[in-house]
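Okay, so here's the structure we're looking at.
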Amino acid sequence: MTSAEFRPVAAPATLGRLWWLPSHGYGNGLDDHAWAPVLDVDARVAMILLDAFRAAGVPAYTASLTPHTHASRDGWATYRIWVGSSAYGRAEDTLLAVMPGLIHRFGPEIVR
């Protein structure tokens with residue numbers, strides 16, 4: 001019987017952001033060495049959140065989880081937001097500051 005062999009990448013930092021994230025998304029111009037998913041939202045607020053994270057100095061990236069030919073029940077695509085792991089705490093603080101206003105403006109269904 002054979003087993004899976006662990007083969008670490010020699011220099012993951014040289015692979016860049018796309019090693020961690022889908023290639024069909026959008027970033028806010030700030031980069032990090034590691035990324036963590038933080039929230040799934042609908043398309044109406046994905047770019048607003050990227051801007052808020054940029055203003056807070058938080059690297060952020062978003063990509064659609066919904067195939068381009070399909071939308072969710074309410075007609076809006078779902079986007080996942082990733083943030084730079086080094087700024088995860090700042091990202092949480094930013095969400096606590098920004099999300100109440102977005103939910104008031106767009107409704108609670110923006111969070112998936």
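Read-outs throughout are calculated quantities, based only on the coordinates presented, and are distinct from any laboratory measurement. In this text, all values refer to a predicted model and were calculated from it rather than measured experimentally. Neighbour counts are summed over all protein chains in view; Cβ atoms, including those assigned to glycine, are modelled from backbone coordinates with ideal geometry.
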Distance (nanometres) between label positions extended 7 Å along Cα→Cβ at Val111 and Arg90: 2.3
Counting only residues 5 or more places away or on other chains, whose amide H sits under 5 Å from the amide H of Leu30 once H atoms are built in the peptide plane? Ala60
Reported to two decimal places, what Rg/Rh ratio describes the range 26-110 when computed on Cα atoms with Rh from the Kirkwood expression? 0.97
List every residue whose amide H lies under 5 Å from the amide H of Thr66, counting only residues 5 or more places away in sequence or on a different chain, with H placed 1.01 Å from N in the peptide plane. Thr78
Under a point spin-label approximation (7 Å from Cα along Cα-to-Cβ), what is the Arg54-His33 distance to one decimal in nm? 2.5
Quick one: 3J(HN,Hα) in Hz for the range 97-104, Karplus 6.51/-1.76/1.60 with θ = phi - 60°, rounded, Gly and Pro as x. 7, 9, 4, x, x, 5, 5, 5
Need the full-extension length gain, Met47 to Ser23, defined as separation in residues times 0.36 nm minus the C-alpha distance. One decimal, nm. 7.0 nm
